[in-house]
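Take a look at the structure below.
The values are calculated or read from the model by the stated rules, or taken from the named source; none is laboratory data. Treat the numbers as computed from the prediction; the structure is a model and nothing was measured. Every residue, glycine as well, gets a Cβ built from its backbone with ideal geometry; the counts of neighbours run over all protein chains shown.
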Amino acid sequence: MFKKILIANRGEIAVRVIRACHEMGIAAVAVYSDVDRASLHVRKADEAYAIGAPAASESYLNIQKILDVAAKSGADAIHPGYGFLSENAKFARACAEAGVKFIGPTAAAMDAMGSKTRARQAMERAGIPFVPGTSRGLESFEQAQEVAGRIGYPVMLKAAAGGGGKGMRLVHAPEDLKSALEGARSEAERSFADSEVYIEKAIVNPRHIEVQVLADEQGQTVYLGERECSLQRRHQKVVEEAPSPVVDAEMRRRMGEVAVRVAQAAGYTNAGTVEFLVDQEKNFYFLEMNTRLQVEHPVTELVTGLDLVHLQIHIANGEPLPFTQEQVSIRGHAIECRIYAEDPDNNYFPSPGKITLLLLPSGPGIRRDSGMYEGWTVPMDYDPLLAKLIGYGTDRKQAIARLQRALNEYFVGGIKTNISLFRRILSSPEFQTAKIDTGFLDRLLKQKDERTAPADEQTTEVAVIAAGMFAVMGQAAAGAGEKAVLSDASSKAPAASNWKSAARREALR
Ligand code: MV4
């Protein structure tokens, strides 16, 4: 087994991987940029090395600097986490050349999935169902016109190098095709330095459901059920759950078997995710494969009882999967909330700053994967994901109830977070009855925010009682926390009245 693993990442995922290393008796090496010297992953690792300026290109994306640290520290493997270099085939190749095991798929498997058109060609050969359209880049406007006419409007134009909705255009009518094609091309060129664009039939109000797969280096591939990821905003996932409320055992088996064939067609090893679009008739279509451990992997861990990071490390170490497909079972329900440092009152804009007070939820059925601590300053240089709060229950209803309870225990002072958004989502009738397609969140956010609506009688009463308690407890009970609450209150009034208004604001969130 590896003696020492370098984690080429930061934040909650670096902490997650360090924990797995320590459970397995493996030393963990952290790397950090100049603004991450005091980050949690640095504190939890056994060794830590500075790798340069905050800009990711100077640090977490710098292949040479990371390989230098691997050599200097004597690490025999590298875990890339997600984002940064995790899906970079050049990095995987450089690791192999440096004699350090990359914990993930081979560079060749990443290359096969990196281009969407190349992936569609591979799936075509393997007989995998994918959305009707072209498997090669469009060569002319006339060709786009011809294909769109054949598959029927609405159509979707997508960048071959794309992801995250960049270079994507929905086209409803033939007269809009020309300008959409030009727009998609120039955006693809600007974002990826690759103007290749292909065309697909558009699925209206799809669900986004993905299947977790694991493949060992002996050729065994299994699926670990699905995750429902339809709750997104601007192509950013917000809530994920497992299992999907719309997938039954039969559909799970069919999707799982297709996912395994996708992985095998790419010569895939280690942990990966096969994404599907699901239409209103529950037909599913291959969309793309993510060649990394994903942010939302904990919901799969909770319903399968497996530790995906342990398994990734064992697979990278050349061991066969320790179980068969028949031994995998799904039990209970798990839901994940992505806690971001962003301001709900300012269009969910990133909100970096110092965390002055942190009250943490726990208790039955709650898992928290976090990269923050009280006193830490959230840098503005990276993705503002702070933590993931995951609720588990024997069924969906219990998972929701536990998460709602935990969200009410959670308090992050000094910065703005999106915690209040999850209280709204989890209490909405549509979410509770699982009517969640990819348009749900935009519809919810268009509704009037209840914080600006007049409070009902009960809420007012709670606010008055809380204000009274804070006023009576006053300075003594407040301690260091006082600054936390005051720091975002603009009023210069005496402390007690600030406490009252803070309490009122809290109760009305
Ligand atoms: C689609 C689609 C409808 N039809 N493709 C968005 C991100 C990118 N990875 C794929 N995306 C979509 N592709 C066809 N043929 C709708 C989306 C889409 C979407 C998909 C999943 C979750 C949220 C979404 C939000 C908008 C659009």
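Data overview
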| item | result |
| --- | --- |
| Scan of the range 330-364 for residues that are part of a strand (DSSP E or B), more than 17 Å from Q404 (Cβ to Cβ) and touching an Asp or Glu at 6+ places or on another chain (Cβ under 9 Å), ordered by number | Y340, F349, P350, L357, L358 |
| Tabulated pairs, the range 107-136, first more than 16 Å from the ligand (Cβ to nearest atom), second among the hydrophobic types (A, V, I, L, M, F, W, C) and not in a helix (DSSP H, G or I), C-beta under 6 angstrom, 6+ apart or interchain | A109/A266; A112/A266 |
| Any hit, the range 93-100, residues being assigned to a helix (DSSP H, G or I) and in contact (Cβ under 8 Å) with a residue 40 or more places away in the chain | no |
| Answer residue from the range 154-209, given it is exposed (fewer than 15 other Cβ atoms within 10 Å of the Cβ) and among the polar types (S, T, N, Q) and is nearest to R233 (Cα to Cα) among those | N205 |
| Positions within the range 81-92 being touching a residue at least 60 places away in the same chain (Cβ under 8 Å), aliphatic (A, V, I, L, M) and under 16 Å from Y268 (Cβ atoms), in sequence order | none |
| Residue check for I103: more than 29 Å from the chain's Cα centre (by Cα), within 27 Å of F276 (Cβ to Cβ) and not hydroxyl-bearing (S, T, Y) | no |
| Counted residues, the range 138-153 - those being away from the ligand (no atom under 16 Å from the Cβ) and surrounded by 14 or more Cβ atoms within 10 Å (Cβ to Cβ) | 2 |
| Flag if S57 is free of Cβ contacts under 8 Å to residues at least 12 places away in the same chain, closer than 26 Å to M380 by Cβ and not basic (K, R) | yes |
| Residue that is free of Cβ contacts under 8 Å to residues at least 60 places away in the same chain and either touching a strand residue (DSSP E or B) at 6+ places or on another chain (Cβ under 7 Å) or surrounded by 18 or more Cβ atoms within 10 Å (Cβ to Cβ) (or both), where the choices are E301, E275 | E301 |
| Selected residue (only one of Y373, Y392 is more than 16 Å from the ligand (Cβ to nearest atom), outside any loop (DSSP other than H, G, I, E, B), surrounded by 13 or more Cβ atoms within 10 Å (Cβ to Cβ) and not aliphatic (A, V, I, L, M)) | Y392 |
| Qualifying residue in the range 310-329 (condition: under 22 Å from A399 (Cβ atoms), more than 16 Å from the ligand (Cβ to nearest atom) and not in a strand (DSSP E or B)) | yes |
| Output for the range 215-244, where each listed residue is of a type outside the set (S, T, N, Q), within 16 Å of the ligand (Cβ to nearest atom) and part of a loop (DSSP other than H, G, I, E, B) | R234, H235 |
| Single residue of the range 245-254 satisfying the filter (of a type in the set (A, V, I, L, M, F, W, C) and surrounded by fewer than 23 Cβ atoms within 10 Å (Cβ to Cβ)) that is farthest from the ligand (Cβ to nearest atom) | A249 |
| Residue selected from the range 467-480 under the condition surrounded by 15 or more Cβ atoms within 10 Å (Cβ to Cβ) and closer than 20 Å to G414 by Cβ, by the criterion modelled with the lowest pLDDT | A478 |
| Meets criteria (modelled with pLDDT of 95 or more, within 16 Å of the ligand (Cβ to nearest atom) and closer than 30 Å to G183 by Cα) for E87 | yes |
| Output for the range 193-204, where each listed residue is part of a loop (DSSP other than H, G, I, E, B) and near the ligand (Cβ under 9 Å from one of its atoms) | A202, I203, V204 |
| E124, sole failed condition from (1) surrounded by 16 or more Cβ atoms within 10 Å (Cβ to Cβ); (2) farther than 30 Å from N9 by Cα | (1) |
| Verdict on E288 being in contact with a strand residue (DSSP E or B) (Cβ under 9 Å, 6 or more places away or on another chain), within 30 Å of T134 (Cα to Cα) and within 16 Å of the ligand (Cβ to nearest atom) | yes |
